[in-house]
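The values are calculated or read from the model by the stated rules, or taken from the named source; none is laboratory data. Keep in mind the model is a prediction, meaning the values are calculated, not measured. Here the Cβ is made from the backbone with ideal geometry for all residues, glycine too, and neighbour counts use every protein chain on show.
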Amino acid sequence: MTWPGLSFVAEDQKGRIVGYILAKIDEEAKEGEAPHGHVTSISVLRSYRRLGIAKKLMLQSRASPSPRTNPTYFDTSDCILGTEEAMAAIYKASFVSLHVRKSNRAALSLYRDTLGFTVKDIEKGYYADGEDAYAMELSLRDS
């Protein structure tokens, strides 16, 4: 099984990493199905939260899509090729999925209310501590 990876980091003005996202593409889709992406991890330093960094790491941007060497660095004020755009443009993914803890209201709000993800399922005991997760998806196809 091969999982091409996408990794992006956000840096502050002094070049310190303040956030990252790790994602992968399922290229082994069933016959006739397009591959899909999955966000495996996203994090922003606590002191940099609520500044739109996680959103910038996820969203498509104004830049034209092109393959990039991982990891891709960008200043937090920039808007460059984002994870969702990379999945759709480079890997032809039809949707992106992720899991979020049921207790993580801030992340749930970002994914559902800001980015347009929908809850597809609840996975009981998904996390090592036994907490349930919302399985969420976002279509990358033009409506």
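Between a residue in the range 111-129 that is more than 14 Å from residue 58 (Cα to Cα) and any residue that is of a type in the set (Asp, Glu), which pairs come within a Cβ distance under 7 Å, given they are 6 or more apart or on different chains?
118/137; 120/137; 122/132; 123/132; 124/132; 125/132; 126/132
For the condition modelled with pLDDT of 80 or more, buried (at least 17 other Cβ atoms within 10 Å of the Cβ) and either under 14 Å from residue 54 (Cβ atoms) or in contact with a Ser or Thr (Cβ under 7 Å, 6 or more places away or on another chain) (or both), what is the one hit in 98, 81?
Step by step, each of 98, 81 is checked, and only 98 is modelled with pLDDT of 80 or more, buried (at least 17 other Cβ atoms within 10 Å of the Cβ) and either under 14 Å from residue 54 (Cβ atoms) or in contact with a Ser or Thr (Cβ under 7 Å, 6 or more places away or on another chain) (or both).
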